[in-house]
Amino acid sequence: MFKKIILTIFFISIFYVTSYAEDTFELDLNKAIEIALKNNLDVKIDREEIDIKQGQIQEAKSGFWPQVESNFAYTRTNELYPKNLDTISNTVGIKYNLFDWGRTKNLVKASKAGKHIEEANLDLQIQDLIYQVAYNFYTILLSEDFVKVNQEYLELAKLVFETNKERFRKGLVSQEDLLKVEEDVLLRTQLLEDSINQLEILKNNLKKI
């Protein structure tokens, strides 16, 4: 019975230590922010809205520019004269809006105001995104430290267990005391498992930002 318990504790401990060691967090804060700003859907939408508003400004300003007008006409005299006559005319003119009661000017102002609003929304979105990334980033670093602490406590508990197991064989430790040490190893193993799972959740949350 004790041999089975010892082997179970050993393999569980090795599994969690190995799993964590294979998945370390290798990313600096600036790189994390850069990736988030590049991939975040809300930021992309806000930037596209700013481009749209800039296009609306240019469209509104076109009211100040001269407008080229072209008219094409074709006529044919059928049976009115001994010989049918074809007439083609094409006129080109330039129209310039000297006064439109401020309509074009107000339209440009409204378009610029819309762009400024979108730029302000983008700035707020970026600041909020940077805060979220930084918060999650440093939370991950703290969680990694917590995992390492749990690993160290587990290794210490295993060492105590091995020592007491040998003393139990020599009759220096009671079975009850050995079971208590065994329970501590299992508890430390569970704490390490929980901390690793929590760390993975935090990493996935950072990827979704």
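The figures follow:
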| read-out | value |
| --- | --- |
| Per residue solvent-accessible surface (Å²) - the range 98-195, probe of 1.4 Å | 66 |
| Segment GLN132-ARG47, length gained on full extension (0.36 nm per residue, minus Cα span) | 28.7 nm |
| Cα-projected label distance for LYS109 with LYS165, points at 7 Å along beta-carbon direction, nm | 8.4 |
| Two-site label geometry, GLN198 and LEU29: point separation in nm, points 7 Å out along Cα→Cβ | 2.2 |
| Inter-site label distance for ILE117 and THR139 at 7 Å from Cα along Cβ, in nm | 3.3 |
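The values are calculated or read from the model by the stated rules, or taken from the named source; none is laboratory data. If you're wondering where the values come from, they're calculated on a predicted model, not measured in any experiment. Quick reminder, even Gly has a Cβ in these numbers, built from the backbone with ideal geometry, and neighbours come from all protein chains shown. For the accessible areas, the whole protein counts, side chains as well, though only heavy atoms, and no ligand, DNA or RNA atoms are used. Shrake-Rupley method; radii C 1.70, N 1.55, O 1.52, S 1.80 Å.
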